[in-house]
1. Since B:Arg142 meets every condition but one in (1) open to solvent by less than 60 Å² (accessible area, probe 1.4 Å); (2) over 30 Å from A:Thr68 (Cβ atoms), which condition does it not meet?
2. Determine if region B:53-63 includes at least one residue that is at pLDDT 85 or above, surrounded by fewer than 18 Cβ atoms within 10 Å (Cβ to Cβ) and of a type outside the set (D, E, K, R).
3. Looking at (1) at pLDDT 90 or above; (2) more than 7 Å from chain A (Cβ to nearest Cβ); (3) touching a helix residue (DSSP H, G or I) at 6+ places or on another chain (Cβ under 7 Å), can you tell me which one B:Asn8 breaks?
4. Using the structure shown, decide if B:Trp183 is free of Cβ contacts under 8 Å to residues at least 60 places away in the same chain and in contact with a Lys or Arg (Cβ under 8 Å, 6 or more places away or on another chain).
5. Anything in region B:110-148 that is small (Gly, Ala, Ser) and more than 8 Å from every other protein chain (Cβ to nearest Cβ)? List them, or say none.
6. Which residues, taken from region A:35-74, are facing chain B (nearest Cβ under 8 Å), surrounded by fewer than 19 Cβ atoms within 10 Å (Cβ to Cβ), in a helix (DSSP H, G or I) and of a type outside the set (A, V, I, L, M, F, W, C)?
7. Going by the conditions given, is A:Thr241 at pLDDT 85 or above, assigned by TED's automatic domain parsing to the domain that holds A:Thr219 and more than 30 Å from A:Thr178 (Cα to Cα)?
8. Are any residues in region B:74-110 open to solvent by less than 20 Å² (accessible area, probe 1.4 Å) and free of Cβ contacts under 8 Å to residues at least 24 places away in the same chain, and if so, which ones?
Amino acid sequence: MSQQAVLHPQAPIHERPGYRAALLARYGESVLIYAAFAIFVIVIGLPFYFIFSSSITPSTELFNVPPTYWPSVPTLDNYLRMSQSIPFLTYFRNSLIFGIGSSAVSVIAAGMAAYALARIRFPGSNAIYLALILSVALPQIAVLVPMFQTFNTFRLVNTHHGLIIMMSSLMLPFTIITLVSFIKQVPAEIEEAAYIDGANTVQIITRVVLPLIRPALFTMFLINFIISWNELLYPLVFAHTVDTKTLSVGLTELTDPGSTYTKPWDMMSALSVFMIIPVLLIILFGQRMIISGLARGALK
Amino acid sequence: MTLRSPANRRHGLFAQLTLQQRFYVVAIVLLLPAVMLRTFTAFYPFLQTAYLSFHRYNPAFDHNGPVFVGLGNFQRMGADPVVQASISFTILFVVGATFAQLTLGLAVAHLLNASFRLRFLSRALVLIPWAVPMAVAALGFRWMFDDQFGIIPDLLRTLAGIEMRWLIDPNNAKLAVIAVAIWKSTPFVALVLLAGLQGIGRDLYEAARVDGANAWTSLFYITIPMLLPILITTGMFMIVWQLAVFDLPFLMTGGGPGFSTTVIAQKIYLESNSLNYGYAASISMVLVGIVAVVGVIGLTLFRRFDVSI
C-alpha cells in the first residue's frame, strides 16, 4: 500500500492500482468471518426472538396470516393466563428441587467413584469403569417399564427423591468420565506427600483432593443442572402429582393433543421464556467452565 | 503386602488390614453409591427388559404374570409396519442429523476459533441451543414450521419465493424434525471440535502455506486428518445418543403425519402406554441391539485409527 501511495500520491485511494486486491487480502477474511458470524447469530437467535415476541403478542394477533413478527401492542397477558392455567410456581419449585437435587447427587456419587477409579488400583476396577461408562449408551426408554415397576414397589413414584435417584443415575456415566479425566491430570504426588505426613484417607480426600477438583465438580454441577432442568421423559412418566411435576411436564400439559388450532401457543411461549431464563443466566455466568467441561467429557 | 500406615494409632478391624486392603475398602465405599444407582436404574431393569422381551405381558390381561412366548414378540414386529417405519425413520434421522452436525459443527468450530472482536459473543451464543430445553425447542419449532401461522414457511415464501408445506407433508415433516435436531446439537459438536482445533499446532498450517497449500487443502490434508479421532468419537457419541431420541419428535410432530416421524423410542412409549409390556420390551431390545452394533463399529474404528479412549 505504501509503495503505491508513493507512486500515485495524488490519486484517490480507491483508484490506485492494486487497491482492490490489497483490500481483499487485508479485509477479505474478516468480511467472511463477520458474514459467517451474522448467519450464525440469525440461525441461533431467530427461534428465541420468535418465542419471545410470541409471548408478548396478544393471542388474538398471534393467529394471524401472515404471521405477526412483532406485536402492535405488547402485553403480559399471556404470562398471566399461563400462570392461571397451570400451577406455575409449584412446578417451578419442583423443577428447582429436581434440578438441584439430581445434579448434587450425581456430582457427589460421580466424584467419589471417579476418585476411586482414577487413583486406586484394585482388581476389577477396569471392569467397573467399563460397565459404568458403557451404560451411557443404554437408552432411557428401553428400561422404562421395569424401572417403573421397581420404583412403584419401593413407593418412589411421585416423589422428589425417586425422581432425583433416576435422574442423577442417568447423568452419572458422563459425569464420571469427565471427573476421572480431570483427577488423572492432578499430580498424585501431592496425595502421596500427604500420606507420608501422616494424613488418613478421609483427610486426604477432604483436605487435599476436594479443594483441587472443586472447579471440576462445580462445572459438572452446572452442566447437570441444565440437563436435568431440561429433562422431560422421567418427570413425564414418574410424576403425576402437582407436587412433583416439573415445568417441562407443565409445557406438555398446556399443549392440547387435539387440533393444531387449539394449541395455546400464547401460553406455551410465555412458559418457554420462563424455562429459558435460568439456563441463560447459568450460561452467562459459567460459559467458560461449561465449554471446558463439555469438551473434556466428550474427548476422553 | 504387609505395609502398615505409619500414622496408624487406632485399633479395630480397619486398622488391622494391610495398606493395600485398606485401599480396597476405600475403593468399594467410594464406588458403592454410583454402582448402586446404576444397578437400580440401568443394569437390573435392563435384565428385566431382556426377560420380558421373550414374554407376553399385559398386566390388564395376564394376571398370572408374564407368559413365555419365545421369539413371538420379534415375529410380531416383522408384521408391524409401524415398527419398520420407526426403525427406518430413526436410522434416517440419526445418520442425517449426525452427518450434518459434524459438517456444520466443524464450520462453526472454525468460526469460534477465528480471531475477531466478537469471538467471546460467539462462544456464549453457541451454548444456548445446547442449553435450551428440548421441549421448548421442539414446541417452538413446531410453531415456527406451522403451515398456517408459522414464520418459516412465511420467510421462505417472502424471501426466497419457496412455497413449501412442512408438517402436513410426511417427507418434509421428516426434514423439519431432522433440521431441529441439527439446530439443537450442532453447537455441542462445534464445542468439542473447537477443543480439537485448538490442539493442532499452528506450525503445521504455516509449513503447509509455505508449500503452497490453500484453505481447502489445509482443511482436507491437515485439519480433518488431525481431527479424525475426535470426529469418530463425537460421531459415535451423537449416533448412540440420538438413536434414543424421544422428546423432539414426540412434542414437535407427535410422530406424524401418520407414523412418518415416529422414532423407535416413541413406538416403545406408545406400546408401554397400551400396557403391552412384553412387546415394548422386545422393541427395546431391538433398539439396544442397534446401539450395540453401532458401538462395536465405533470400537473397531477406534482401534483402526489408534484412538485411545
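1. Here B:Arg142 clears every test but (2).
2. Within region B:53-63, not a single residue is at pLDDT 85 or above, surrounded by fewer than 18 Cβ atoms within 10 Å (Cβ to Cβ) and of a type outside the set (D, E, K, R).
3. Among (1) at pLDDT 90 or above; (2) more than 7 Å from chain A (Cβ to nearest Cβ); (3) touching a helix residue (DSSP H, G or I) at 6+ places or on another chain (Cβ under 7 Å), the lone unmet condition for B:Asn8 is (1).
4. Answer is no for this residue.
5. Correct list: B:Ser115, B:Ala138.
6. Of everything in region A:35-74, just one residue is facing chain B (nearest Cβ under 8 Å), surrounded by fewer than 19 Cβ atoms within 10 Å (Cβ to Cβ), in a helix (DSSP H, G or I) and of a type outside the set (A, V, I, L, M, F, W, C), namely A:Gly45.
7. On the way: at pLDDT 85 or above: yes; assigned by TED's automatic domain parsing to the domain that holds A:Thr219: yes; more than 30 Å from A:Thr178 (Cα to Cα): yes.
Yes: the conditions hold for A:Thr241.
8. Selection gives nothing.
The values are calculated or read from the model by the stated rules, or taken from the named source; none is laboratory data. This one's a predicted model, so the numbers in the text were calculated from it and none came from an experiment. For neighbour counting, all protein chains shown are included, and Cβ atoms are generated from backbone atoms with ideal geometry for every residue, glycine included. Surface accessibility is based on the protein's heavy atoms, side chains included, excluding ligands, DNA and RNA. Shrake-Rupley method; radii C 1.70, N 1.55, O 1.52, S 1.80 Å.
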